[in-house]
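Visitor: Please see the structure below; I have some questions.
The values are calculated or read from the model by the stated rules, or taken from the named source; none is laboratory data. It should be emphasised that the depicted structure is a prediction, and the values quoted were computed from it without experimental measurement. Cβ sites come from the backbone with ideal geometry, for glycine too, and all protein chains shown count toward neighbours.
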There are 2 protein chains.
Amino acid sequence: MAARPRSATRRDPPVAHVRCKDCMIRDRAVCSNCTPQELEFLEAIKSYRTFRPGEEIVAMGETTDFLGSVVEGCVGLSHLMSDGRRQMVGLLFPSDFIGRPMRPKAPFDAVAVSNVRLCVFARSKFEALLRETPAMEQRLLEMTLDELDGARDWMVLLGRKSAREKVATFFAIVSRRLAQVRHVALSDGVSLELPLTREDMADYLGLTIETVSRQISALKKEGLIQMSDARHLTIPDYNALLEAAGDDGDGGLVA
Amino acid sequence: MAARPRSATRRDPPVAHVRCKDCMIRDRAVCSNCTPQELEFLEAIKSYRTFRPGEEIVAMGETTDFLGSVVEGCVGLSHLMSDGRRQMVGLLFPSDFIGRPMRPKAPFDAVAVSNVRLCVFARSKFEALLRETPAMEQRLLEMTLDELDGARDWMVLLGRKSAREKVATFFAIVSRRLAQVRHVALSDGVSLELPLTREDMADYLGLTIETVSRQISALKKEGLIQMSDARHLTIPDYNALLEAAGDDGDGGLVA
DNA sequence: CGAGTTTTTGAATGGTCTCAACTGGAGTGG
DNA sequence: CCACTCCAGTTGAGACCATTCAAAAACTCG
């Protein structure tokens, strides 16, 4: 749980103030429907914050004075039970919104899973803006509804899928979201670096690290995935992986 | 799955048009922040629909032309996997909203769990109203955020709780929500009729009916609950039940 | 290289599921 | 009224999958 970087490939993210119009997540974040004027206001009140892997962003029960978007990296929302059991209940990728308007008290822990950069706004200013900016409020409602769908898909995974299906689903979802972040299509043979440790995965999937590790080994042996090291994943046949995930066409995959 | 009533205590609900100001869920539904004018408009476009236990309200993938509030009874949202596994992903009580604005395609099945009465609006009319009624849009955002929290609490249950804890949590939540519906405080010694069959509970908890049944028997033997028949539940000591649910003060219980 | 950490692998335990039989209440018909 | 069916729920026995405990292997960093 120490605030130590786990990857040598990233240095400390620059704190440079990126113009909104050049922002990588401009097309999908809360601000995606804003007019130039509204954007200018956001530009004035926004700031950036960075976090190292394992660093706590918000503690459960804490009152937060900011809200914002994930610009870079991966944020885990999790619940720690009093006896130490942990369940991750959300995984935020770039463009996802963090924090809840009108509800200052955080219902879950938010932890940086990888190196993270947030674009944050002071709560009071953002809430005021929200009240007079229907476009943004609508976008936020849309995003919240999508997140609710994602949470429900995850409930299916947690309640009914086998360990093997859980791990396969996880890989399918992460590769899908990372492709989206990179603005590229999801093709066979995608390679990616897993942002999570085995422990994080286990907490997300409702399993133990040992079981996660065993299922990864099994998927490797079957040729459904390839791993050059513990973090670097290649998916030779995406549809074959989906098959193993137990998802029939329609269901799931809205992380 | 037949559309048959499971309880003899209710006759067919009356289809009488209740005035909004007399509505039982007026204080917590989407319309709770509406002005008298807005309410009048709602009054004009609303209608009631009733469903019998087991009756399908919306099928997954179906395009729905209505949205609305649960006025009476209990609605289950569930996902059916292609091999027959089922996971319930939401349980709607009176005042909960059903359907998603701007997203006509239903992502899950919605099934009446008990006798249900909905207050419904034509999608197009409601969406138009929503666009020009910030109070309602804000309320809907609020409700959606609460539902997201509820879904995440349920993820903790599905991913990390034992069968015993799952059943105890379920009883705690249902009694809490039913007390809310009845506008009474949650006291020790509450009695209630479970709106769900053992199968529905199993689907909600990610268990089998046999396991649910065994855990209920165990809780009964320990005196944490009393059951006069399979549906009628009494909780002599609510805090003791919470203890068995594995919830430490803060967590959970936002159904 | 050596210490500490993460990941993998192994063996045994145990909680939940599966399969199967039984119970009890509601409805039906003789 | 009783015999019968039907279905929801309960209980039992055994199997299986994921966990637990333990140790080895691989990797990171000083």
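Visitor: So in the range B:197-223, with the set limited to residues that are in contact with a strand residue (DSSP E or B) (Cβ under 8 Å, 6 or more places away or on another chain) and not hydroxyl-bearing (Ser, Thr, Tyr), which one is farthest from B:Val89 (Cα to Cα)?
Guide: Looking at the filtered set, the residue picked out is B:Lys220.
Visitor: Same structure again: Do you know which residues across the range B:195-207 are hydrophobic (A, V, I, L, M, F, W, C) and within 11 Å of DNA strand D (Cβ to nearest atom)?
Guide: B:Leu196, B:Met201, B:Ala202
Visitor: Of the residues that sit in the range B:197-232 and are among the hydroxyl-bearing types (Ser, Thr, Tyr) and either in a strand (DSSP E or B) or surrounded by fewer than 14 Cβ atoms within 10 Å (Cβ to Cβ) (or both), which one is nearest to DNA strand C (Cβ to nearest atom)?
Guide: B:Ser228
Visitor: Any idea which residue in the range B:60-100 is surrounded by the fewest Cβ atoms within 10 Å (Cβ to Cβ), counting only those that are outside any strand (DSSP E or B) and in contact with a strand residue (DSSP E or B) (Cβ under 6 Å, 6 or more places away or on another chain)?
Guide: Quick first cut of the range B:60-100, residues outside any strand (DSSP E or B) only: B:60-62, B:64-65, B:73-74, B:81-85, B:93-96, B:99-100.
When the remaining residues are screened for being in contact with a strand residue (DSSP E or B) (Cβ under 6 Å, 6 or more places away or on another chain), the result is B:60, B:64, B:73, B:94, B:96, B:99.
Numbers: B:Met60: 17, B:Thr64: 19, B:Gly73: 23, B:Pro94: 24, B:Asp96: 22, B:Gly99: 21.
Once the filter is applied, the top-ranked residue is B:Met60.
The rows are residues; the columns are (1) within 25 Å of A:Arg49 (Cα to Cα); (2) within 16 Å of DNA strand C (Cβ to nearest atom); (3) part of a helix (DSSP H, G or I); (4) touching a residue at least 12 places away in the same chain (Cβ under 8 Å).
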position: A:Glu147; (1), (2), (3), (4): yes, no, yes, yes
position: A:Leu158; (1), (2), (3), (4): no, yes, yes, yes
position: A:Phe170; (1), (2), (3), (4): no, yes, yes, yes
position: A:Ala185; (1), (2), (3), (4): no, no, no, no
position: A:Pro195; (1), (2), (3), (4): yes, yes, no, yes
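Visitor: Give the residues of the range B:107-141 that are surrounded by 19 or more Cβ atoms within 10 Å (Cβ to Cβ) and within 14 Å of chain A (Cβ to nearest Cβ), sorted by residue number.
Guide: B:Pro107, B:Phe108, B:Asp109, B:Ala110, B:Phe126, B:Leu130, B:Thr133, B:Met136, B:Glu137, B:Arg139, B:Leu140, B:Leu141
Visitor: Restricting to the range A:208-249, and then to whatever is more than 9 Å from DNA strand D (Cβ to nearest atom) and within 14 Å of another protein chain (Cβ to nearest Cβ), can you tell me which residue is modelled with the lowest pLDDT?
Guide: A:Gly249
Visitor: Give the residue that is farthest from B:Arg177 (Cα to Cα), with candidates limited to residues of the range B:101-139 that are in a strand (DSSP E or B) and under 14 Å from the mean Cα position of the chain (by Cα).
Guide: Our first condition is that a residue be in a strand (DSSP E or B); within the range B:101-139, this holds for B:105, B:109-112, B:116-122.
If we keep only those that are under 14 Å from the mean Cα position of the chain (by Cα) as well, we get B:109-112, B:116-118.
Values: B:Asp109: 22, B:Ala110: 19, B:Val111: 19, B:Ala112: 17, B:Val116: 16, B:Arg117: 17, B:Leu118: 18 Å.
Taking the candidates together, the pick is B:Asp109.
Visitor: List the number of the failed condition for A:Arg86; all other conditions in (1) at pLDDT 95 or above; (2) more than 16 Å from DNA strand C (Cβ to nearest atom); (3) not aliphatic (A, V, I, L, M) hold.
Guide: That leaves (2) as the condition not met.
Visitor: Name, by its number, the condition in (1) in contact (Cβ under 8 Å) with a residue 40 or more places away in the chain; (2) within 13 Å of DNA strand C (Cβ to nearest atom); (3) of a type in the set (Ser, Thr, Tyr) that does not hold for A:Ser175.
Guide: (2)
Visitor: Here's something else I'd like to know. I want to confirm something. Restricting to the range B:145-184 and keeping residues that are buried (at least 19 other Cβ atoms within 10 Å of the Cβ) and polar (S, T, N, Q), which single residue is nearest to the other protein chains (Cβ to nearest Cβ)?
Guide: B:Thr169
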